[in-house]
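The values are calculated or read from the model by the stated rules, or taken from the named source; none is laboratory data. Values in this document were obtained by computation on a predicted structure and should not be read as measured data. All Cβ positions, even for glycine, are placed from backbone atoms using ideal geometry, and neighbour counts span all protein chains on display.
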């Protein structure tokens, strides 16, 4: 793939932006509806924060931007088939139940569609093996439900559920999606959306990075539906993120802190990894082992404490993901890079191409 470059000239001092500052025009035809045949054949826009240049390359070129001793941090969450379909017990109206968050073994927070047909006290029959009893409403428009079943609920969800493809993928899931909407690092089930920057990696690419002396370590952040929830307020300080469960284990802490002490770089694979590392960052440098729930919202201006380089996909206009990416660089520079990506017909969003910010 030919390499091109473009120089960005900043215009004045960056001020605290508002929601409207993160809008851009995206032709619908650039929204990737299906994955490429091979994960590692994506294009990669390289964005250099120091030189203010960007270059059109291939994801396969990522090995040129890491060095021996660097640490690549990936999200090892696993997407589960969160979309369940059933019917109301009395009317037999078709209902979708989208699993959001496990509260206890039987209690879950869910979204239902069509919501107007689902009231407290309704029972929804799923696959003639699960009864979903609606017991309360949530403040965000969802429902709290109690599942009645025999056997292992996780196995029943795997049997009856469909992959939770994002709303901008306007087609029904296929058997291929069960594998492709999952990274090769996926270990612990709990996400309802894929950490999409990790979708570009193959076992061969991991082997190349390791041969170069790069260490690859996991964190867990179970990506929730809030990743697609639009920001509704112009004043970003008033927006509240949905909480998501995370876990940063001691082995990852040791690897990251060791690299920082040596002067090596920390490369975050995706915004979910970036948010997690910044959640557990120490004020004096490095990170600490921790787990729990985070609602950390990163938007400009923000001082990053851990991450040196960021691989990320192209995100929705006005999304919190685009705001984080802009905070990692310069908002005007990132928006210029996005306009370049549109001009060069990069593929956008979950199954799309990627951007490496140096």
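If the condition is being surrounded by fewer than 19 Cβ atoms within 10 Å (Cβ to Cβ), touching a residue at least 60 places away in the same chain (Cβ under 8 Å) and more than 23 Å from residue 195 (Cα to Cα), then segment 49-76 contributes 49, 50, 52, 67, 68, 69. For residue 181, the criteria (1) touching a strand residue (DSSP E or B) at 6+ places or on another chain (Cβ under 9 Å); (2) at pLDDT 95 or above; (3) within 30 Å of residue 259 (Cβ to Cβ) hold in every case but one, which is (3). Any residue at all in segment 334-352 that is assigned to a loop (DSSP other than H, G, I, E, B) and surrounded by fewer than 17 Cβ atoms within 10 Å (Cβ to Cβ)? So far as segment 334-352 goes, yes, one or more of its residues are assigned to a loop (DSSP other than H, G, I, E, B) and surrounded by fewer than 17 Cβ atoms within 10 Å (Cβ to Cβ). Looking only at residues of segment 303-333 that are part of a loop (DSSP other than H, G, I, E, B) and in contact with a strand residue (DSSP E or B) (Cβ under 6 Å, 6 or more places away or on another chain), we find that the one that is nearest to residue 169 (Cα to Cα) is 314. Enumerate the pairs (first residue in segment 135-155 and under 19 Å from residue 115 (Cβ atoms); second residue anywhere and in a loop (DSSP other than H, G, I, E, B)) with beta-carbon separation below 6 Å, excluding pairs fewer than 6 apart on the same chain, so at least 6 apart or on different chains. Taking only residues 6 or more apart or on different chains, the pairs are 146/106; 147/106. The criterion of at least 3 residues that are exposed (fewer than 14 other Cβ atoms within 10 Å of the Cβ) and assigned by TED's automatic domain parsing to the domain that holds residue 37 is met by the following helices (runs of 4 or more DSSP H) wholly inside segment 170-278: 203-211, 250-262.
Only one of 336, 343 is over 22 Å from residue 201 (Cβ atoms) and touching a residue at least 12 places away in the same chain (Cβ under 8 Å); which? Criteria check complete, one pass: 336.
Restricting the first member to segment 285-306 and to residues that are touching a residue at least 24 places away in the same chain (Cβ under 8 Å), and the second to residues that are surrounded by fewer than 16 Cβ atoms within 10 Å (Cβ to Cβ), the beta-carbon pairs closer than 6 Å and six or more apart or on different chains are 288/282; 289/250; 293/243; 295/243.
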